[in-house]
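The values are calculated or read from the model by the stated rules, or taken from the named source; none is laboratory data. Note that this is a predicted model, so its numbers are computed, not measured. A quick note on method: Cβ atoms are made from the backbone with ideal geometry, for glycine too, and the neighbour counts reach across all protein chains shown.
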Amino acid sequence: MPDGIPSHQENPVNSAHYYKHKPGPAVGREVAKEPTMRAGTLRDLYLGSKSSVSMEFPYWYTRRWMELEGEIPIIRRAEALKSAFSHLTPVIFPRELLVMRRTCYLRGSYPMPWLSELFLLDKEDELYREALEAGQFSNDQVTKMGTGGGNVTKSSGNVVSIAGKFGMRREELPILMALVRKWEHQSVEDIGHKYEMLVPDYPQKESIMRSLICLFDSGFTLPQGREVINYYYPLRYGIDGIITWCKGKIAEVAGHPGMDRLYFYQASCIALEGIKKWILNYAQEARELAEKERDEELRREYTEIAETLTWISSHPPRSFREALQLCWTFHIAVLNEDCISGLSPGRLGQVLYPWWKQDMDNGTITRESTIELLECMRLKFTELDCFASTGVIGGVLSSNTFNNLCLGGLDKNGANAENELEMLILESAMTCSTPQPTLTLLYDEKLPEEFLLKGIECTKTGTGYPAWVNNRVAMEFIQNNYGPEGMTPQEARAWAIGGCLETSAGNWMPLRLGAHTYYLPGGAGAATSVGVHFIGLPKLLEVMLFDGMDMRTGQRIFPPRKKPIETYDDLMDTFQDHFRKTVDILCRCNNIQHDAWRKITPPVINSVLKPDCLTKGKHIGEMGSRYNTTFNVEVSGGINLVNSLASIKKNIFEEKNFTLDDLRSVLLNNFGYHTAEETGSYSLSDQKKRPDASTYARVHTLCHDAPKYGNDDPYVDSILADWEDWFCTVCHEFVSLYEKPLYACQISVSTHGPMGAVTLAGPDGRLEGTAYADASLSAYPGTDRNGPYALCNSATCWDHAKSQNSQLNVKIHPSVIKGREGARKFLEFIRAYMRRGGFHIQFNVVDSKVLREAQIHPEHYRGLMVRVAGFTQYWVELGKPIQDEIIARTEYEEIP
Amino acid sequence: MKMKAPCHQDCREYIQIDVFRGMCRVKKDETISDAEACEQFLPVKKCKYCTSYHESDGEPGTCRGKYLAYPDMIAKTCEDFEWEVAPDE
């Protein structure tokens, strides 16, 4: 037994329950497939590449922006974008079928100092120090980046490491610093900060950020994303068609009231011209390569690329390949416009089906060639990096970009929407397993068994996808949330996941191709997961228990209570009061930041795509989208909160086993253990006791033995149900920039790592500095002792349709779901969860012994992927806290 | 032309994979970006090879005397690029 895990003799807590892993040699995954030779070659190229920063885009953007001082902001923005796109160096690798990338590097990204520049400053810089004081970098300080894979964690030679992840050529550093200086006091971050300080109780916001009760600001970090893109207009009209349409609107609105429409249409034309030029630069590059190439096959491929790009630079696509290339081009065009995580392609298989069906019918494509193209698509999505500060890219995103592709669900008329192309998407996700795009299966009772079993086969590969999501629950949430904006039951069916697990509004758009009319689903809402970004619920509880003090930093966050907490209701009232105050101040400050964002860097390209911006003549920041009730309150650590409340209620107020003061004392002393930072281990396993541990053993045991979520125990499940009822309702009290109520969002991404790092030991027995439970409905590792069905019963004790999402990760040993019988049992388990109203469930099919081995010898596991929260990531690119947490998760060895 | 010790990343046949390495289109193998270029070297359009680029005392330099610029920026797509010394094709 590793040092620090309490033995049965020393401590009544039965550790066998906590860290039970199947004995014997490591077991591999049952399903393993290989990619085509082309995709295999390109994947190897990717796996050997590093995250790299290019200054081209920011250089040309800034140069043009500075030239146009005094111009109307959205025109200035569009001109800057046009200049940047027009000047990107085209790079095409041999054997690529789909081309174009964000920068000249395979895995390229770049800073956007017009949005946020302070984290790039020298640490001695006055502005940097001011931002530090304001709590803007608190998250950076506790984040641990993954040290392997494509991360450039250290500077070496002519390469400088930025944010512990990105490599930049040393010769580009002077221009980066020069551009940063140019954006000082002009960026969204700086302007937003200037005005958020006018909020009357602003100092409290700073103390909340410093304590890391809240993980990060919203308006200048990831202002767009967690949404579904809409490819319809380019697919239907082509770029020239949209430009022509916009020019017609310009003539219509020029000189009439509502003049902002004029500028928006003009800006749209300008930005689209930049995208055209960008595509044509790639076409020219492909032509030049074809001319020089001696290999006949490569020459033919370059020629086809040139022809494809030349055509789509103006016209709507004629084939599946052209349609896919056009979708990809616009996808990265939007990603180049803003700092975005979670721009999801949505139901791409349903969007592209008309072209694929046409090509299949006329014999110009085969299933095999489709798979090859889809594999190439997977590699393109996997290339994507999002440039952000250490705290955001490592602490929140774990380097993922959350491009979620959805399958299944219902069509416009309520029939099963699954199609043959989606089966091939699943197949290509098995043959060419990569983190992106992750897949989500929109489970509906109408979906055919064959399709569901294909999903099961894919889950068995251990890639963590598809996630299984309840179509009916999502539709109910969508309709309730967007009903006041006109959402109909029919339109609710067009929803999809934006980002890792953000239920997002969609719509249906008609497309005539050949003799058929299709209704294409696509995103119709603004960015979600903007507003209040991750409140650490266990941290907030800790601060409440210490009468408003953050004991880690020694700072007061909330005024002291005037009288002691005497009852459980007293305690809950105080907690809820603190929660309200926290959301209130964060909501107002973030509204200001987002207002600065929409004024300084209005979204142009995404607005061109998103219904109904073009018809309204308004960009997304002016509520041009059809649906705008998209600001939310994100929380992390909900299960630790619930377990802690159960422990306090039972031990202190009901059985009076110890007092609140006793509890405070043991929490401050971490139950007699060394902290996670001291041991270098960030889950509850592998912790080390201090010599005085016995002093705290009794209370620790009582905390451990208090009822725990995940066991179908009504005592603790009722606390969860009450919490969810209150939380999902209270969010509506707060109002977004767009004068819409906020709503509840319950995912963890990677926040349970850094938020756990700043949280003392908890009343649930969790130790200081260790990660919270992942997701929002996963049990705390090792505490779910009654099997997976009990876990599901606990998870569904409340109505999931009240929240944008709920999230349940389950780790299953590969042997449990082996063979066809195992597959069916597995599907029945998922089906049972969905039928009970569960919204989301996903699986790590992995033997923990493999993960432990991979932690010791990462060099042998470059391609190993695991499911973290709503995303799959390469193991070697995860920070140790998240690795430890995944290893510690309960590994189910049986599905009854 | 300021052609001091060209390396692979200065060559037009070099494809950048990342900040450390790339691929040679002629030899079809991977190369280190900072390694010395081979005998078949032909410069890629970069600011440092352009008539409009001027070094200044401190980095970065300038383009046409009015814009900031840096020597190693690829200028393949710059409409104003002019070779300071045309390379021998």
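Here is the figure for the stretch A:61-89: residues that are more than 9 Å from chain B (Cβ to nearest Cβ) and either assigned to a loop (DSSP other than H, G, I, E, B) or crowded, with 24+ Cβ neighbours inside 10 Å (or both) total 14. Annotation note: of A:261, A:299, A:321, the sole residue that is of a type in the set (D, E, K, R), in a helix (DSSP H, G or I), closer than 16 Å to residue A:93 by Cβ and out of contact with any strand residue (DSSP E or B) (no Cβ under 6 Å at 6 or more places or on another chain) is A:299. Out of all the residues in the stretch A:405-432, which are surrounded by 24 or more Cβ atoms within 10 Å (Cβ to Cβ) and outside any helix (DSSP H, G or I)? Scanning the stretch A:405-432 gives A:405, A:406, A:407, A:408, A:409, A:417, A:418, A:432. Taking the stretch B:1-67 as the region of interest, none of the strands (runs of 3 or more DSSP E) fully inside it holds 1 or more residues being at pLDDT below 90.
Only one entry in A:719, A:747 is crowded, with 20+ Cβ neighbours inside 10 Å and over 23 Å from residue A:469 (Cβ atoms), namely A:719.
I'd like the full set of residues that are more than 21 Å from residue A:95 (Cβ to Cβ) and more than 12 Å from chain A (Cβ to nearest Cβ), limited to the stretch B:12-52. The answer is B:36, B:37, B:38, B:39, B:40, B:41, B:43, B:49, B:50, B:51, B:52. Does residue A:839 count as touching a Ser or Thr at 6+ places or on another chain (Cβ under 9 Å), over 22 Å from residue A:677 (Cβ atoms) and modelled with pLDDT of 95 or more? Judged against the criteria, residue A:839 is a match.
Counted as qualifying within the stretch A:90-200 are the helices (runs of 4 or more DSSP H) with 3 or more residues that are within 14 Å of chain B (Cβ to nearest Cβ) and over 22 Å from the mean Cα position of the chain (by Cα), namely A:173-183.
Tell me, which residue of the stretch A:853-896 that is buried (at least 19 other Cβ atoms within 10 Å of the Cβ) and β-branched (Val, Ile, Thr) is farthest from the chain's Cα centre (by Cα)? Here the residue is A:890. Checked against the criteria, residue A:161 does not count as among the polar types (S, T, N, Q) and more than 30 Å from residue A:770 (Cα to Cα). Taking the stretch A:731-759 as the range and being more than 15 Å from residue A:630 (Cβ to Cβ) and over 16 Å from the mean Cα position of the chain (by Cα) as the test, the residues that pass are A:733, A:755, A:756, A:757, A:758, A:759. Of the helices (runs of 4 or more DSSP H) lying entirely inside the stretch A:632-693, those containing at least 2 residues that are modelled with pLDDT under 95 and within 30 Å of residue A:852 (Cβ to Cβ) span A:676-679.
Note on the stretch A:776-798: residues that are touching a helix residue (DSSP H, G or I) at 6+ places or on another chain (Cβ under 8 Å) and not in a helix (DSSP H, G or I) total 13. The residue pairs whose first member lies in the stretch A:775-792 and is polar (S, T, N, Q), whose second member is at pLDDT 95 or above and surrounded by fewer than 21 Cβ atoms within 10 Å (Cβ to Cβ), and whose beta carbons are closer than 8 Å, counting only pairs six or more residues apart or on different chains, are A:783/A:711; A:786/A:711; A:786/A:712. State which residue is farthest from the other protein chains (Cβ to nearest Cβ) when the search covers only the stretch B:53-87 and only residues that are free of Cβ contacts under 8 Å to residues at least 24 places away in the same chain and loosely packed, with under 12 Cβ neighbours inside 10 Å. Checking each candidate, the answer is B:86.
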